[in-house]
Amino acid sequence: MKAGVFDSGIGGLTVVKSLIRHKIFEEIVYFGDTARVPYGIKDKNTIIRYSLEALEFFKNFDIDILITACNSVSAYAIPELRENASYPVVGVIEPGVIALERYDIKKDEKILIIGTKATISSGKYQRLLKEKGYKNILAKPTGLFVPIVEEGIFEGAVLDSSITHYFNDIEKPSAVILGCTHFPLIADKIGNYFDNNTFLIHSGEAIVEYLQENFDCNGNFNETKLSLFASENPDYLKNVAKKWLGKNCV
Ligand code: DGL
């Protein structure tokens with residue numbers, strides 16, 4: 001099976017990492033819209049327009065399924081992408097909510113959702129969680145984490161003070177949904193802040209489980225062929241991929 005993975009930039013590589021680790025695709029074609037990142041501060045119509053343009057890119061490849069690694073895209077553009085694609089389109093939000101259900105978290109325990117401004121203001125995570133019966137939901141935009149990770153900062157004073165800035169008035173949640181491609185890279189720091197009993201939901205791992213349950217994605221490919229494309233500066237994307245995924249993956 002050949003998958004397309006679409007993200008606003010480099011962050012979707014965290015999802016690719018999970019897809020490769022679980023060996024579920026024979027081939028992945030990744031497109032990051034690095035010329036126009038970040039999407040997380042843009043409005044719904046712009047995100048939909050950019051996403052439909054990305055669909056044009058994937059016309060050059062014979063993909064069997066499209067995964068929108070970007071939470072901001074998954075928040076707004078899934079219906080339009082599905083309407084215009086001839087293959088299934090899977091976003092990361094529904095899988096993230098389903099993944100949460102697998103933990104033994106009671107419906108009145110506190111769930112914290114963090115993501116970009118676009119993702120949080122779409123209300124999609126909140127709506128799906130409410131539909132599942134969760135009653136104690138706090139959603140907080142934590143957009144500063146995106147440029148911090150882009151800068152390659154995974155520890156130290158800047159990250160620590162941003163974490164404190166966002167979370168110091170928050171009561172410890174039972175689970176945190178990492179509703180942004182970049183956040184798995186600082187998951188340890190977020191987990192440590194609250195204490196290590198807080199469950200963290202990672203989009204990449206969540207979507208793997210979702211794909212295994214809902215699609216013919218149980219193949220055990222020894223190697224996933226990965227092709228990387230970007231709307232600007234593809235070398236940067238490739239260098240980050242080497243760093244995040246390991247040399248053998250690219
Ligand atoms: N990929 C985006 C997301 O997961 C984060 C970066 C951006 O704002 O474009 O929401």
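The values are calculated or read from the model by the stated rules, or taken from the named source; none is laboratory data. Note that the structure is a prediction, hence the values are computed from the model and not measured. So basically every Cβ, Gly included, is an ideal-geometry build from the backbone, and we count neighbours across all protein chains shown. Only protein heavy atoms, including side chains, enter the accessible area calculation; ligands, DNA and RNA are left aside. Shrake-Rupley method; radii C 1.70, N 1.55, O 1.52, S 1.80 Å.
Note on region 1-30: residues that are of a type in the set (A, V, I, L, M), crowded, with 24+ Cβ neighbours inside 10 Å and away from the ligand (no atom under 16 Å from the Cβ) amount to 1. So is Gly191 touching a Leu at 6+ places or on another chain (Cβ under 7 Å) and more than 13 Å from the ligand (Cβ to nearest atom) or not? So Gly191 passes the test.
Only one of the numbered conditions (1) part of a loop (DSSP other than H, G, I, E, B); (2) surrounded by 14 or more Cβ atoms within 10 Å (Cβ to Cβ) is not met by Glu223, and that is (2). Among residues of region 86-131 being aromatic (Phe, Trp, Tyr) and over 15 Å from Asn214 (Cα atoms), the one that is least open to solvent (accessible area, probe 1.4 Å) is Tyr125.
Listed conditions (1) open to solvent by less than 20 Å² (accessible area, probe 1.4 Å); (2) modelled with pLDDT under 95 are all met by Asn60, apart from (1).
Has region 149-172 got at least one residue that is basic (Lys, Arg) and free of Cβ contacts under 8 Å to residues at least 60 places away in the same chain? Checked against the condition, which is being basic (Lys, Arg) and free of Cβ contacts under 8 Å to residues at least 60 places away in the same chain, region 149-172 yields no hits at all.
Quick check on my filter: what residues within region 78-119 are among the charged types (D, E, K, R) and more than 10 Å from the ligand (Cβ to nearest atom)? Across region 78-119, the qualifying residues are Glu80, Arg82, Glu83, Glu94, Glu101, Arg102, Asp104, Lys106, Lys107, Asp108, Glu109, Lys110. Residue pairs whose Cβ atoms lie under 7 Å apart, separated by 6 or more positions or on different chains, with the first residue in region 174-187 and open to solvent by less than 10 Å² (accessible area, probe 1.4 Å) and the second away from the ligand (no atom under 14 Å from the Cβ) and in a loop (DSSP other than H, G, I, E, B), are Ala175/Tyr103; Ala175/Ile105; Ala175/Thr198; Val176/Thr198; Ile186/Phe154. Candidates in region 41-77 are the residues that are in a helix (DSSP H, G or I) and over 16 Å from Thr119 (Cβ atoms); of these, the one that is nearest to the ligand (Cβ to nearest atom) is Ala54. Residues in region 39-53 that are within 16 Å of the chain's Cα centre (by Cα) and either farther than 19 Å from Lys124 by Cα or open to solvent by 70 Å² or more (accessible area, probe 1.4 Å) (or both): Ile41 only.
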